[in-house]
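Colleague: Dropping the structure in here first, questions after.
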Amino acid sequence: VKLVGGDATFRKALSAASTKANALYPNLAGPTFLLNLPKLLSALTKLFTPLFPEEVRKKLKFERGPLENVELTEISHSGDQAKREKFLTDIDKMLKD
């Protein structure tokens with residue numbers, strides 16, 4: 001699906017669905033974490049983030065974090081439970097900051 005320059009009907013439907021979802025499920029509209037971005041992408045986000053609306057900036061969090069030295073299989077339900085607990089604790093700390 002082509003989002004940029006594509007069908008306006010699709011964009012309107014996507015926007016309406018997002019608005020309705022935010023109203024029905026406000027707890028799901030929390031912060032968005034962007035963890036461990038590559039340096040070039042991190043620099044670009046720092047450049048363009050001030051251009052975002054205030055409401056969007058409040059919901060974005062750019063962090064260097066717990067996925068840096070962890071394999072996803074290690075923190076899955078069937079993986080290493082100690083590493084999983086540490087990962088979840090680290091994420092909780094980021095949420096509270």
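The values are calculated or read from the model by the stated rules, or taken from the named source; none is laboratory data. None of the values given here were measured: they were computed from a predicted structure. Note: ideal-geometry Cβ built from the backbone for every residue, glycine included; neighbour counts use all protein chains shown. Accessible surface is based on the protein model in full, side chains and every heavy atom, while ligands, DNA and RNA are left aside. Shrake-Rupley method; radii C 1.70, N 1.55, O 1.52, S 1.80 Å.
Colleague: Please state, rounded to one decimal and in Å, the Kirkwood hydrodynamic radius that the chain gives when every pair of distinct Cα atoms enters the mean of 1/r.
Modeller: Working: mean 1/r = 0.0612 Å⁻¹.
After inverting the pairwise mean of 1/r, the radius is 16.3 Å.
Colleague: Next question. For Leu47 and Thr89 in the same chain, what is the full-extension length gain: residue separation times 0.36 nm, less their Cα-Cα distance, in nm?
Modeller: Details: separation 42, 0.36 × 42 = 15.12 nm, distance 3.02 nm.
Result for the pair: 12.1 nm of gain on full extension.
Colleague: Under 14 Å from the Cα of Lys59, which aspartates and glutamates turn up, not counting those fewer than eight places away in the same chain?
Modeller: Hits, sequence-local ones excluded: Asp97.
Colleague: Residue by residue through region 72-86, what is 3J(HN,Hα) from phi via Karplus (6.51 cos²θ - 1.76 cosθ + 1.60, θ = phi - 60°)? Round to whole Hz and write x for glycine and proline.
Modeller: 4, 5, 5, 9, 6, 4, 8, x, 6, 5, 5, 5, 5, 5, 5
Colleague: Then there's this: Taking amide H positions as placed 1.01 Å from N in the peptide plane, with prolines and chain starts having none, which residues 5 or more places from Leu60, or on another chain, fall under 5 Å of its amide H?
Modeller: Here the answer is Thr32, since their amide H atoms fall under 5 Å of that of Leu60.
Colleague: Another one. How high is the relative contact order of region 1-91, given as a whole-number percent (alpha carbon pairs under 8 Å, six or more residues apart)?
Modeller: With pairs under 8 Å counted, the relative contact order is 24 percent.
Colleague: Pairs Lys39/Lys93; Lys20/Lys46; Lys46/Lys96; Lys46/Lys86; Lys58/Lys83: which exceed 26 Å Cα-Cα?
Modeller: Lys20/Lys46; Lys46/Lys86; Lys58/Lys83
Colleague: Using only DSSP helix segments of four residues or longer, with each worth -39500 (n - 2.57), what per-residue ellipticity at 222 nm results for the chain after dividing by its residue count and rounding to 500? The partial results should precede the final answer.
Modeller: Working: 4 runs with 49 residues, N = 97.
When only DSSP H runs of four or more count, the value is -16000 deg cm²/dmol.
Colleague: Here's something else I'd like to know. Compute the angle between helix 39-48 and the longest alpha-carbon principal axis of the chain, please, reported from 0 to 90 degrees and rounded to the nearest 10.
Modeller: 40
Colleague: Using the heavy atoms of the protein chains alone and a 1.4 angstrom probe, what is the accessible area of the chain per residue in square angstrom?
Modeller: Numbers: 7920 Å² over 97 residues.
Value returned for the chain: 82 Å² of accessible area per residue.
Colleague: Along the charge dipole of the chain, Cβ charges K/R +1 and D/E -1, which of Ser78, Ile91, Leu34 sits furthest on the positive end?
Modeller: Projecting each Cα onto the dipole axis, the largest value belongs to Leu34.
Colleague: Here's a follow-up. Per-residue HN-Hα couplings for region 19-27, Karplus 6.51 cos²θ - 1.76 cosθ + 1.60 at θ = phi - 60°, whole Hz, x for Gly and Pro?
Modeller: 4, 5, 4, 5, 6, 7, 10, x, 5
Colleague: Near the amide H of Asn36, under 5 Å away, which other amide H atoms are found, from residues 5 or more places off or on another chain, if H is placed in the peptide plane?
Modeller: Amide H neighbours of Asn36, under 5 Å, 5+ apart: Glu63, Arg64, Gly65.
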